[in-house]
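**Student:** Have a look at this one before I ask anything.
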Number of protein chains: 2
Amino acid sequence: MLDERIRCSRLKDKIMTAEEAAEIFKDGMIVGTSGFTPAGYPKAVPKALSERAKKGEKVEISIITGASVGDELDGELARTGVMTRRYPYQTNKSCRDGINNGDIEYADMHLSHVPQWVKYGFFGKIDIALVEAVAITEEGGIVPSTSIGNSNVFVEKADKVIVEINTSQPLELEGVHDLYSPANPPYRKPIPIEKVEDRIGTTFIPCDKDKIAAIVITDIKDNTRKVSPIDDIAKRMAGHLIDFLENEVKHGRLPEKLLPLQSGVGSVANAVLGGLLDSKFEDLLIYSEVLQDSVFDLLEAGKIKFASGTSLTISPERLEDFYEKFKDYRGNIILRPQEISNNPEVIRRLGIIAMNTAIEVDIFGNVNSTNIMGSRMMNGIGGSGDFTRNAYLSIFTTQSIAKNGDISSIVPMVSHIDHTEHDVHVIVTEQGVADLRGLSPKEKAEKIIENCSHPDYKDMLKEYYNQAVKNSKYKHTPHIIEDALSWHKRYLETGSMKI
Amino acid sequence: MLDERIRCSRLKDKIMTAEEAAEIFKDGMIVGTSGFTPAGYPKAVPKALSERAKKGEKVEISIITGASVGDELDGELARTGVMTRRYPYQTNKSCRDGINNGDIEYADMHLSHVPQWVKYGFFGKIDIALVEAVAITEEGGIVPSTSIGNSNVFVEKADKVIVEINTSQPLELEGVHDLYSPANPPYRKPIPIEKVEDRIGTTFIPCDKDKIAAIVITDIKDNTRKVSPIDDIAKRMAGHLIDFLENEVKHGRLPEKLLPLQSGVGSVANAVLGGLLDSKFEDLLIYSEVLQDSVFDLLEAGKIKFASGTSLTISPERLEDFYEKFKDYRGNIILRPQEISNNPEVIRRLGIIAMNTAIEVDIFGNVNSTNIMGSRMMNGIGGSGDFTRNAYLSIFTTQSIAKNGDISSIVPMVSHIDHTEHDVHVIVTEQGVADLRGLSPKEKAEKIIENCSHPDYKDMLKEYYNQAVKNSKYKHTPHIIEDALSWHKRYLETGSMKI
Ligand SMILES: CC(C)(COP(=O)(O)OP(=O)(O)OC[C@H]1O[C@@H](n2cnc3c(N)ncnc32)[C@H](O)[C@@H]1OP(=O)(O)O)[C@@H](O)C(=O)NCCC(=O)NCCS
Ligand SMILES: CC(C)(COP(=O)(O)OP(=O)(O)OC[C@H]1O[C@@H](n2cnc3c(N)ncnc32)[C@H](O)[C@@H]1OP(=O)(O)O)[C@@H](O)C(=O)NCCC(=O)NCCS
């Protein structure tokens, strides 16, 4: 079986244990790993590395990934103090705690910017690329597993490459990937994608065999998160969103088959895609990052014609089923490097409908997706900025309240901004839809408060806004500067935004 | 002479006075005009239209432009109440006053988004395109004057087209423009620009002759703004910036001839480009929006090989000189529609070095370029977001203080955000440079305070930051939520941010 997985016989000399491979890491190194929202990340070597730290060795390293990775990597390395610096996206509890208590220096970046920075040298030299793969070809080409992320650029730029061949990942994944790496300016050419399904590259990551320093065989499964069942609130949001899209079609502002859809992560995102199952839309296209369970439901139901992403994130309970049926979907899926899946050029050209989730939104349409109460990092901006800014239509969903109603997700001023009002076209809560296109800040405020806010907070929001319009000396974006963040202050002091 | 300017004899029937053309406008119309930072905007017809309002007629219209336009348009129509809605950028005092006292609904948009929105129908139907031109060709093609902006998409989409042939604009401008309009998704193709100088379209705006409803002959000159002389502060900023670029070249992160430069508007931007005159850089390229005086100085000095923009904005005192020498520069200049000059696809492909100006910056690297004290609209975001987000390197300049030192331009939290920390690589003030690439928020704060803040405010900033690190429960982006905007509050109450 290993002959199928490692087809270059010369490279078999490089097979070693995870413990042996872990010795290659030195204190102070910069390491790029595979992994995206947590699929296709390395598992055995990080665990072995954390064992070194547990024995008292000092190995502090910077980790750059595609996006979020599982506990075997982010959790282990955060808890053992190996990870001192982290880019660009994470969702692991231990990692997040380390970031928020000040132990881990975290820089939250647009996912499409990371591969460029690696190639421009902005992170410094990448010492090691640590990537999961299903196979290595005759020529040393690395066939990724359930995600690509930045694996190709790490392999391109790192001094040494360590490959985890994961035998729990089906070999049938081979052929699904499409690897393409644009040159740096001034030599960069147009990315020749004109349709969601266009193939432009190779099915493996080209790699100089001499750079491969270790091959580790593992069979640890992707540790993806459970998808919460679709609740009533999520269903209402999905319903509003689909009504909105239908209305756009009716008015000729969207084609009948819509345009390629991008959908963020999390339960609401999953519910929204789920909602399309019962809609009358047909022959849909997905151009996104993460292909979640709902994408496969839609493929099975024949609602989706083709889906392009950079990772296949299947929930634990669906994984077996997915592997079984995978051959049926294969021809309708493509995985691309995040430099391509999230590329502004391609997103704008294809005219994506972007649907992402906000933590909070302010009355003027600014969105916070990362820093709770201005300070506490949740996950990161991920690819939401890449899609939102370049989308044909940019939609944000959020429940109108959080924490059992002690928090209004619609506030006078958000405590942190990831997406400015210039990039937010439509807001959807379970209360309704606010179409903000072409409105001035004052008109946006009136519409957001009226259509999207929770009844418990609507009058308070109106009161703030009316006072601001009355008393603000300048009325373009009326604010009462000393009260703008008072709702957050009240929550921090009393545990509720209510008065 | 008119034969040269209006080459289609059938269209001569459409020649009329500005007053007659002004009668075509009806109450409630949406009008798209030429004009960009203020060059190439229509002048005679708007003036005539404002006369109708002065006589008591109700004509309230929405105006969409390329970017800022002169007083004959924005000033007249704002003062007479004709302009009730305005997109996407302005710099005129009367217009700005109207926006800030609540009379004009203004939506501040990314300049590259506007042409798409027109073509997608997001603004509704465009009733009239009102554009300045130097000539109309045999086939009805419109040859723009000193700017393109959105003129081509307005002409494409409007029911009626009104052309102001401006005989004060030299006919030699013909040939400088390069008109290209990408199709809407799902039919859009790659924009085939691989080099700053690539020509991909026609030298005129194609126009159905039957749509031309009026031709008005005028000779009113572009009413551009004076460029302030380069002062010491601006020189110091330019010096820091050039040192920084030289250091990037030294470390192999930039090629010797740099990459194409974009430069924002205003005096500092002009000074920075001016600073390149005395630098050792050679054979530079410009890929920007506005080509200001300094670009022509650099062309004359042989420092610049080629410059691409969407407008030629020459200061009044240089205009005669410019017209005289124009034939020498012609081969080295191209004007593009703003859908192309500001296109994320092209900006990212070419790898632009973006240099824009901030009003204020916070310690975590977020930038406010539009809303003074969170409420008062200055100009608008313009193209700064198009360039900043997609740049190879994104640099913001600002003086460390404003209003004679009563304002610190470095604050704990900006009162409005146009560019988030994800998009800001480098900050330059007269005090120094903060290179923020790869840093966590805390590291950014320390560097910005240390390198960029004014001595009068440095200790106050350190005090805020240290207290925030100490007391903030979550330390990713340490803030004291009740004090974050207290500097602005103090300024509004006492006239100074100082204690
Ligand atoms: C915004 C985001 C965190 C929402 O995730 P989700 O799973 O749909 O949302 P939830 O409603 O479960 O909220 C997540 C947490 O935020 C909290 N929260 C939600 N709204 C809040 C608000 N207004 N104020 C404070 N906390 C809030 C929830 O209570 C929950 O907290 P908990 O983990 O302590 O229970 C997530 O979508 C994200 O990280 N987005 C940014 C990246 C992105 O968009 N990626 C897509 C392309 S990669
Ligand atoms: C930011 C911007 C306003 C600066 O313009 P500038 O001419 O270089 O800057 P100035 O220093 O003259 O400042 C302009 C005004 O803002 C005020 N100002 C500057 N910093 C300030 C601060 N931190 N707080 C309050 N006011 C401030 C100045 O006092 C001045 O006010 P005044 O007109 O009442 O005298 C201008 O660059 C802009 O509009 N940028 C956004 C659009 C853009 O970037 N376009 C480029 C691509 S199109």
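**Student:** Quantify, in whole percent, the carbon and sulfur part of the accessible surface of region B:352-407 (1.4 Å probe; protein heavy atoms only). Don't skip to the end; give the middle numbers.
**Tutor:** Numbers: 460 of 1030 Å².
For region B:352-407, the apolar C and S fraction of the accessible surface comes to 45 percent.
**Student:** Let me ask something else. Report, to the nearest 10°, how far helix A:319-329 tilts away from the longest principal axis of the Cα atoms in chain A, using its own Cα long axis and a range of 0 to 90°.
**Tutor:** The two axes meet at around 90 degrees.
**Student:** From the helices alone, meaning DSSP H stretches of at least four residues, give me the mean residue ellipticity at 222 nm for chain B, per-run term -39500 (n - 2.57), in deg cm²/dmol to the nearest 500.
**Tutor:** Numbers: 17 runs with 151 residues, N = 499.
Here the helix-only value at 222 nm equals -8500 deg cm²/dmol.
**Student:** What part of the accessible area of region B:2-218, given as a whole %, is carbon or sulfur when the probe is 1.4 angstrom? List each step's numbers first, then the result.
**Tutor:** On the way: 3290 of 6760 Å².
Result for region B:2-218: 49 percent of the exposed heavy-atom area is carbon or sulfur.
**Student:** Given axes a ≥ b ≥ c from the Cα gyration tensor, I'd like to know whether region A:187-296 is rounded (a/c under 1.5), prolate (a/b larger than b/c) or oblate.
**Tutor:** Details: a/c = 3.63, a/b = 1.51, b/c = 2.41.
Oblate.
**Student:** Additional query: Suppose every Lys and Arg Cβ carries +1 and every Asp and Glu Cβ carries -1, with no other charges. What dipole size does chain A come out with about its Cα centre, to the nearest 20 debye?
**Tutor:** On the way: 60 positive and 73 negative charges, 209 e Å.
Computed charge dipole of chain A: roughly 1000 debye.
**Student:** I would also like to ask the following. Using only alpha carbon pairs under 8 Å that are at least six residues apart, calculate the relative contact order of region A:289-411 and give it in whole percent. Show your work: numbers first, answer last.
**Tutor:** Details: 163 pairs, mean separation 27.3, N = 123.
So the answer I get is 22 percent.
**Student:** Quick one: work out the % antiparallel among DSSP beta bridges in the protein assembly as shown, nearest 5.
**Tutor:** On the way: 34 of 134 bridges.
Once the DSSP bridges in the protein assembly as shown are tallied, antiparallel ones form about 25 percent.
**Student:** Let me ask something additional. From the Cα gyration tensor of chain B, with a ≥ b ≥ c the square roots of its eigenvalues, which class applies: rounded if a/c is under 1.5, or else prolate if a/b is larger than b/c, or else oblate? Could the numbers behind the result be given before it?
**Tutor:** On the way: a/c = 2.07, a/b = 1.52, b/c = 1.36.
Here chain B falls in the prolate category.
**Student:** Specify whether the C-alpha gyration tensor of region B:166-206 places it in the rounded, prolate or oblate class, a ≥ b ≥ c being the square roots of the eigenvalues: rounded for a/c under 1.5, otherwise prolate if a/b is larger than b/c and oblate if not.
**Tutor:** oblate
**Student:** Mind jotting down a quarter of the surface of the convex hull over the alpha carbons of region A:232-494, in square nanometres, one decimal? Intermediate values should be presented prior to the final figure.
**Tutor:** Details: hull surface 58.3 nm².
Mean orientational projected area (region A:232-494, Cα hull): 14.6 nm².
**Student:** Any idea which of B:Ser415, A:Ser496, A:Val82 is furthest toward the positive side of the dipole for the protein assembly as shown, if Lys and Arg beta-carbons carry +1 and Asp and Glu beta-carbons -1?
**Tutor:** A:Ser496
**Student:** Ignore the peptide's own chain and count Cβ atoms of other chains within 10 Å of each Cβ in A:114-121; give me the average, rounded. List each step's numbers first, then the result.
**Tutor:** Working: counts 0, 0, 3, 3, 0, 0, 8, 5.
That average works out to 2.
**Student:** Quick one: buried accessible area between A and B, total over both chains, 1.4 angstrom probe, nearest 100 Å²? Don't skip to the answer; put the middle values down first.
**Tutor:** On the way: alone 19750 and 19780 Å², together 32400 Å².
The contact between B and A buries close to 7100 Å².
**Student:** Sort the following peptides by mean Cβ neighbour count (other Cβ atoms within 10 Å, averaged over residues), highest first: B:395-401, B:483-489, B:134-140, A:120-126. Working shown, then result.
**Tutor:** Working: B:395-401: 23.7, B:483-489: 21.6, B:134-140: 19.4, A:120-126: 16.6.
Ranking, from highest mean packing down: B:395-401, B:483-489, B:134-140, A:120-126.
**Student:** Now, a different point. Is there a quick way to get the dipole size of the protein assembly as shown? I mean about its Cα centre, with the Cβ of Lys and Arg at +1 and of Asp and Glu at -1; what is the value in debye to the nearest 20?
**Tutor:** Numbers: 120 positive and 146 negative charges, 95 e Å.
The dipole of the protein assembly as shown has a size of about 460 debye.
**Student:** Here's a follow-up. Using only alpha carbon pairs under 8 Å that are at least six residues apart, calculate the relative contact order of chain B and give it in whole percent.
**Tutor:** 13 percent
**Student:** From the mean inverse distance of alpha carbon pairs (Kirkwood) and the Cα radius of gyration, derive Rg over Rh for the protein assembly as shown. Mind showing how you got there, number by number?
**Tutor:** Working: Rg = 28.1 Å, Rh = 29.1 Å.
Ratio value, two decimals: 0.96.
**Student:** From other protein chains only, count the Cβ atoms within 10 Å of every residue's Cβ in B:374-387, then give the mean. List each step's numbers first, then the result.
**Tutor:** On the way: counts 12, 12, 6, 6, 1, 0, 1, 3, 0, 0, 0, 4, 2, 0.
Shielding by partners across B:374-387 averages 3.
**Student:** Where the label is 7 Å out from Cα toward Cβ, how close does A:Ser9 come to the same position in every other copy, in nm, shortest first?
**Tutor:** From this label point to the equivalent ones elsewhere in the assembly: 8.6 nm.
**Student:** Could you tell me which of B:Val346, B:Ile304, B:Thr397 has its Cα farthest along the dipole of region B:232-494 towards the positive end, charges placed at Cβ (Lys, Arg +1; Asp, Glu -1), taken about the Cα centre?
**Tutor:** My answer, from the dipole projection, is B:Val346.
**Student:** Follow-up. At a cut-off of 30 Å², which residues of region B:322-371 become less accessible once all protein chains are present than in their chain alone, using a 1.4 Å probe?
**Tutor:** Those are B:Pro344, B:Glu345, B:Arg348, B:Arg349, which lose 30 Å² or more relative to the chain on its own.
**Student:** Any idea which of B:Thr33, B:Asn100, B:Ser151 is furthest toward the positive side of the dipole for region B:2-218, if Lys and Arg beta-carbons carry +1 and Asp and Glu beta-carbons -1?
**Tutor:** Value: B:Asn100.
**Student:** Shifting gears a bit: Do you know which residues of region B:177-201 lose at least 50 square angstrom of accessible area in the protein assembly compared with their chain on its own, with a 1.4 angstrom probe?
**Tutor:** Those are B:Pro185, B:Arg188, B:Pro190, B:Glu194, which lose 50 Å² or more relative to the chain on its own.
**Student:** As a test, work out the antiparallel percent of DSSP beta bridges whose residues both lie in region B:2-218, rounded to the nearest 5.
**Tutor:** Looking only at bridges with both residues in region B:2-218, the antiparallel portion is about 15 percent.
**Student:** State the Kirkwood hydrodynamic radius of region A:1-150 in Å, one decimal place, computed from all pairs of distinct Cα atoms.
**Tutor:** Numbers: mean 1/r = 0.0635 Å⁻¹.
Taking the inverse mean of 1/r over all distinct Cα pairs, region A:1-150 comes out at 15.8 Å.
**Student:** Mind listing the phi-derived Karplus ³J(HN,Hα) values for region B:234-244, rounded to whole Hz, using 6.51, -1.76 and 1.60 with θ = phi - 60°, and x for any glycine or proline?
**Tutor:** 4, 4, 5, 4, 4, x, 4, 5, 5, 4, 4
**Student:** Run through the other copies and list how far each one's label point is from that of A:Lys403, in nm with one decimal, shortest first; the point sits 7 Å from Cα along Cα-Cβ.
**Tutor:** Relative to the other copies, A:Lys403 has label-point distances of 3.4 nm.
**Student:** Compute the label-point distances linking B:Glu320 to its equivalents in the other copies; points lie 7 Å from Cα along Cα→Cβ; give nm, one decimal, shortest first.
**Tutor:** For B:Glu320, the inter-copy label distances come out at 8.9 nm.
**Student:** Order these peptides, B:306-313, B:95-102, A:244-251, A:51-58, by their mean beta-carbon neighbour count within 10 angstrom, highest first. Provide the component values of the computation, followed by the final result.
**Tutor:** On the way: B:306-313: 26.8, B:95-102: 20.8, A:244-251: 15.4, A:51-58: 12.4.
Listed from highest to lowest mean packing, they are B:306-313, B:95-102, A:244-251, A:51-58.
**Student:** Can you compute the radius of gyration and Dmax for region A:229-294, using only the Cα atoms, both in Å?
**Tutor:** Rg and Dmax of region A:229-294, Cα atoms, are 11.7, 34 Å.
**Student:** Regarding region A:129-250, what is the average projected area of its C-alpha convex hull, in nm²?
**Tutor:** Working: hull surface 46.9 nm².
Computing the convex hull of the Cα atoms and averaging its projections yields 11.7 nm².
**Student:** Suppose all protein chains stay in the model; what accessible area per residue would a 1.4 Å probe give for chain A, in Å²? Show your work: numbers first, answer last.
**Tutor:** On the way: 16180 Å² over 499 residues.
In whole numbers, chain A has 32 Å² accessible per residue.
**Student:** How much FRET efficiency would the formula 1/(1 + (r/R0)^6) give for B:Asp243 and B:Tyr323, where r is the Cβ-Cβ distance and R0 is 30 Å, rounded to 0.05? Can you show the working numbers first?
**Tutor:** Values: r = 36 Å, r/R0 = 1.21.
Efficiency, from the Cβ-Cβ distance: 0.25.
**Student:** May I ask you to order B:406-413, B:432-439 by the average number of other C-beta atoms within 10 Å around their residues, highest value first? Mind dumping the intermediate values first?
**Tutor:** Working: B:406-413: 23.9, B:432-439: 20.8.
Highest-to-lowest ranking by the protection proxy: B:406-413, B:432-439.
**Student:** Taking beta carbons within 10 Å but only from partner chains, what does the mean come to for residues B:408-415? Numbers along the way, then the final one.
**Tutor:** Details: counts 0, 0, 0, 0, 0, 4, 1, 5.
That works out to 1 on average.
**Student:** Return the carbon/sulfur percentage of the accessible area of region A:259-306, one whole number, probe 1.4 Å, all protein chains in place.
**Tutor:** Carbon plus sulfur share of accessible area: 48 percent.
**Student:** Okay, moving on. Using a simple charge model, +1 on the beta-carbon of Lys and Arg, -1 on the beta-carbon of Asp and Glu, nothing else, what dipole does region A:232-494 show about its Cα centre, in debye to the nearest 20?
**Tutor:** Values: 29 positive and 37 negative charges, 137 e Å.
Result for region A:232-494 is approximately 660 debye, rounded to the nearest 20.
**Student:** Sticking with this structure for a sec: Working from Cα positions, state the angle (0 to 90°, nearest 10) between the long axis of helix A:44-54 and the longest principal axis of chain A.
**Tutor:** 90 degrees
**Student:** Over the Cα atoms of region A:369-434, Rg to Rh with Kirkwood Rh, two decimal places?
**Tutor:** In region A:369-434, Rg relative to Rh is 0.95.
**Student:** Hey, what D do you get for region A:40-86 in µm²/s if you plug the Kirkwood alpha-carbon radius into Stokes-Einstein at 4 °C and 1.567 mPa s? Write out the running numbers ahead of the final one.
**Tutor:** Values: Rh = 10.5 Å.
D = 124 µm²/s.
**Student:** If you don't mind, there's one more thing I want to ask. What's the center-to-center distance, using Cα atoms, between region A:26-101 and region A:121-139 in Å?
**Tutor:** Centre-to-centre (Cα) distance: 16 Å.
The values are calculated or read from the model by the stated rules, or taken from the named source; none is laboratory data. Fair warning: this is a prediction, and the values are worked out from it, not measured in the lab. Every residue, glycine as well, gets a Cβ built from its backbone with ideal geometry; the counts of neighbours run over all protein chains shown. Ligands, DNA and RNA are stripped out before the accessible areas are found, and what is left, the full protein with its side chains, is counted by its heavy atoms. Shrake-Rupley method; radii C 1.70, N 1.55, O 1.52, S 1.80 Å.
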